[in-house]
Amino acid sequence: MGAVNKLGEFALIDWMRKSCFCSSGVTKGIGDDTAVLPFSTKEDMLSTTDMSVEGTHFTKGTPPELIGRKALARNLSDIAAMGGTPTYAVISLGLPKTTTTAYVQKIYRGINKLAKQFNVSIVGGDTVKSDKLVINIALLGKVAKGKAVLRSGAKPGDQIFVTGPLGGSFKSGRHLTFTPRLKEAQILMKKFHPAAMIDISDGLAGDLGHILEESKVGAVLDATKIPLHRNVDLKAGLYDGEDFELLFTVRPNDAEKLKQFYRIGAIVKDKNKLYLCGKNDQVILLKTKGFTHF
């Protein structure tokens, strides 16, 4: 396979998806925002994990409370993207040996504040020595039986929505302070039940590309309808990432009832093709790329 930077992050994940053992009892394994596991006659279990690494997800001078907050918030956003409710978390820390206990306490202050807000119990973890600060959080959640929203449910004619403005998250610091869209996800689940959904962590174009790939469809975005933060251009809105808004599709009839979110386009038949329609009805083909680690 060669070096991972030659293969690429998502090709590596695809190889893992095809190579890792997964029993037939698993509802959904590798390839979505969370795994979906059988739990009871009424509920499925959701399982996700995210690693936050110094120099990649936060800078060395970032306040430790915000580092801890973001580490948990990223996981909560994944649970939201499946239409679920978070429940229990396990936290593992890689710490440089000179790290003070006061610094660790501040990390947990940020984690605990958000955990209390969303009623997440911290139930365990691990600590190891590391050259740089690393936080890995594994989070469980729950969703009504058979109701988890996957990336694979979009169909031609579906309307595409986002829950909020995009772009400039890392530069502005919003990537440290965003609120996971769990409340919005529950509104959608109760009133509309999205056909497909994902959280925007790697950029609108890249994350929409995951829905297109899994659903075997294409999409057309309206450049005039994509909501952007102040002083952010369209390119940043399409490719920046770290917004953690929800990106979802709903059937056409439900789209007319959705007034509180932003309609930005539609699903079409062209498999894995992403088009952008501009102000003068000029249509261009976009690359379905986003942030990748390799």
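The values are calculated or read from the model by the stated rules, or taken from the named source; none is laboratory data. Because the structure is a prediction, the values reported are computed rather than measured. Note that we place each Cβ from the backbone using ideal geometry, even for glycine, and neighbour counts take in every protein chain shown.
Go through the residues of region 195-204 one by one and say whether even a single one is within 25 Å of I111 (Cβ to Cβ), out of contact with any helix residue (DSSP H, G or I) (no Cβ under 6 Å at 6 or more places or on another chain) and not assigned by TED's automatic domain parsing to the domain that holds L66. Scanning region 195-204, I find at least one residue that is within 25 Å of I111 (Cβ to Cβ), out of contact with any helix residue (DSSP H, G or I) (no Cβ under 6 Å at 6 or more places or on another chain) and not assigned by TED's automatic domain parsing to the domain that holds L66, so the answer is yes. The combined condition, being modelled with pLDDT of 95 or more, crowded, with 23+ Cβ neighbours inside 10 Å, within 18 Å of T27 (Cβ to Cβ) and not aliphatic (A, V, I, L, M), is fulfilled by G141. Counting only helices (runs of 4 or more DSSP H) wholly contained in region 139-224, the ones carrying 3 or more residues that are within 27 Å of D14 (Cα to Cα) and touching a residue at least 60 places away in the same chain (Cβ under 8 Å) occupy 204-215. Return the only residue of K113, K171 being modelled with pLDDT under 95 and among the basic types (K, R). One residue alone meets the criteria, K171. Of the residues making up region 93-107, just one is of a type outside the set (A, V, I, L, M, F, W, C), touching a strand residue (DSSP E or B) at 6+ places or on another chain (Cβ under 7 Å) and in contact (Cβ under 8 Å) with a residue 40 or more places away in the chain, namely G94. Exactly one residue out of K225, K191, K155 is modelled with pLDDT under 95, more than 16 Å from the chain's Cα centre (by Cα), surrounded by fewer than 18 Cβ atoms within 10 Å (Cβ to Cβ) and under 17 Å from P252 (Cβ atoms): that is K191.
G55 falls short on exactly one of the conditions (1) among the small types (G, A, S); (2) farther than 27 Å from G110 by Cβ; (3) modelled with pLDDT under 95, and that condition is (2). In the condition set (1) at pLDDT 95 or above; (2) exposed (fewer than 15 other Cβ atoms within 10 Å of the Cβ), N136 is compliant with all but (2). Among the residues that make up region 83-92, is at least one of them in a loop (DSSP other than H, G, I, E, B) and in contact (Cβ under 8 Å) with a residue 24 or more places away in the chain? Looking through region 83-92, at least one residue is in a loop (DSSP other than H, G, I, E, B) and in contact (Cβ under 8 Å) with a residue 24 or more places away in the chain.
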